[in-house]
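Structure, as structure tokens:
The values are calculated or read from the model by the stated rules, or taken from the named source; none is laboratory data. No experiment lies behind these values; they were computed from the predicted model shown. Here the Cβ positions follow ideal geometry from the backbone for every residue, glycine too, while neighbour counts run over all protein chains shown. Accessible surface is based on the protein model in full, side chains and every heavy atom, while ligands, DNA and RNA are left aside. Shrake-Rupley method; radii C 1.70, N 1.55, O 1.52, S 1.80 Å.
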Amino acid sequence: MKGLAALVLLQAAGLSQAALRFACSRVSIQRLDPLVEPGRIPSAHVHQIVGGNAFNATMAGDIGEQATCTTCAYTEDLSNYWTAVMYFRHANGSYKRVPQYANAQLGTEGKDAPNIQGGMTVYYTQKDFNTNGNKFIRAFPPGFRMTVGSPAASSADYAKGHPGLRYTCLQTILTRGSETADFPAKPCPAGIMAIHHFPACWDGKNVDSPDHQAHMYSTTRGGFAEAGECPTSHPVRVAQVAYETMWNTTAFAGMWPADGRQPFVWSFEGNGYGTHADYLFGWKGDSLQRAMNSTCMFHACGSPGVQGVLKTQTVDEMNRCAVKPTVVEETDGWLDALPGQAEPAMGHMPMRV
Ligand SMILES: *[C@@H]1O[C@H](CO)[C@@H](O)[C@H](O)[C@H]1NC(C)=O
Ligand SMILES: *[C@@H]1O[C@H](CO)[C@@H](O)[C@H](O)[C@H]1NC(C)=O
Ligand SMILES: *[C@@H]1O[C@H](CO)[C@@H](O)[C@H](O)[C@H]1NC(C)=O
Ligand SMILES: *[C@@H]1O[C@H](CO)[C@@H](O)[C@H](O)[C@H]1NC(C)=O
């Protein structure tokens, strides 16, 4: 009896069911990549970045101690999150950046969503939304970074091995599910949601690896389904990070090429299978662990207007945080070529593998 009571107490203390979902508005749209191409100004392709204002060409050390504001709803989250940018390629050869909008489920129960400047929805879940699978869920250590996916990928075979990298053709701004591995083949009435689930099994030692992926292992099944067990090579279950990005393709519906060719490309000139995302941990102190130790879910963890285990800020405060651009160039407007992609092939354009 005594033993059982102690076990129950231990589980109550060590195990939990927290699930974070929050908005981060845009902090920058720029050709910089401190993770894959540190120090390179400009980097190979355009990114949309959210999170802390420490974002720059080179980032080292504890980011939680370097940034002074964040575009994310939780003030202690000074991490940076980024993906490539989606462009529309007109039949006449010109490109235009696809605008973004915020997840309509965010803000104070959706109320503030229209005021959030693009950006993305960030998730930190456990084994799934409802359980940690009886495993302690660790926060990442300072300096931690990782990528998922690859701009060099271009085939359905690659996508088969990466069920966490998908798209949803939005019938309305609230459509979920019905995921595809490549860009949807037809115009989508409310745009395209790009989904990135990162791996959540860590080797427990390295905050990075040469390809930015080998220190992690994915047992993600996609679609927020329950993840599989971590292997002995990567035994430490960390928070399951995922991004959702809403790309408003509606302005291009009337310009879809007559031959039905896919008009959307990522900013590295790649097709939908080359989708990838970058993560640079920067939660202040033990704030992410505090959240992972709790049992709060979504808004109850503390979103603008709702106080919880995490400190929050308003959408106006989120939108005010910005990074002074290091690379200044036109990324919007109608462009003859994608930024960084028009240069003659010199055989040394760095590519992630
Ligand atoms: C989280 O829980 C673990 C295990 O119970 C505990 O050792 C740690 O101090 C907790 N951390 C925080 C920040 O609450
Ligand atoms: C970013 O790095 C560049 C080059 O090192 C530097 O000139 C610039 O001031 C930095 N920007 C910010 C906002 O810190
Ligand atoms: C292609 O079409 C767009 C939209 O009409 C236009 O703005 C752009 O200038 C055109 N580009 C060329 C090269 O004609
Ligand atoms: C998407 O863009 C269209 C213009 O093309 C605009 O009318 C609409 O409000 C935008 N949708 C959202 C959710 O921002």
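Remarks
- Test: Gly340 is within 16 Å of ligand 1 (Cβ to nearest atom) and on the phi > 0 side of the Ramachandran plot: no
- Looking only at residues in region 21-63 that are closer than 14 Å to Leu280 by Cβ and in contact with a helix residue (DSSP H, G or I) (Cβ under 8 Å, 6 or more places away or on another chain), the one that is farthest from ligand 4 (Cβ to nearest atom) is Ala54.
- Candidate set: region 301-330, residues that are farther than 30 Å from Phe88 by Cα, open to solvent by less than 60 Å² (accessible area, probe 1.4 Å) and not β-branched (Val, Ile, Thr); chosen: the one farthest from ligand 3 (Cβ to nearest atom): Gly308
- Note on region 114-151: residues that are modelled with pLDDT under 95 and surrounded by fewer than 18 Cβ atoms within 10 Å (Cβ to Cβ) amount to 10.
- Looking at Ala60, Ala104, Ala44, just one residue is in contact (Cβ under 8 Å) with a residue 60 or more places away in the chain and either within 16 Å of ligand 2 (Cβ to nearest atom) or farther than 29 Å from Gly272 by Cβ (or both), and that residue is Ala60.
- For region 152-179, a residue qualifies if it is assigned to a loop (DSSP other than H, G, I, E, B) and either surrounded by fewer than 16 Cβ atoms within 10 Å (Cβ to Cβ) or free of Cβ contacts under 8 Å to residues at least 60 places away in the same chain (or both), and the qualifying residues are Ala152, Ser154, Ser155, Gly161, His162, Gln171, Thr172, Leu174, Thr175, Arg176, Gly177, Ser178.
- Residue check, Ala91 aliphatic (A, V, I, L, M), more than 15 Å from ligand 2 (Cβ to nearest atom) and open to solvent by 20 Å² or more (accessible area, probe 1.4 Å): yes
- Residue check, Gly333 within 16 Å of ligand 4 (Cβ to nearest atom), among the small types (Gly, Ala, Ser) and loosely packed, with under 15 Cβ neighbours inside 10 Å: yes
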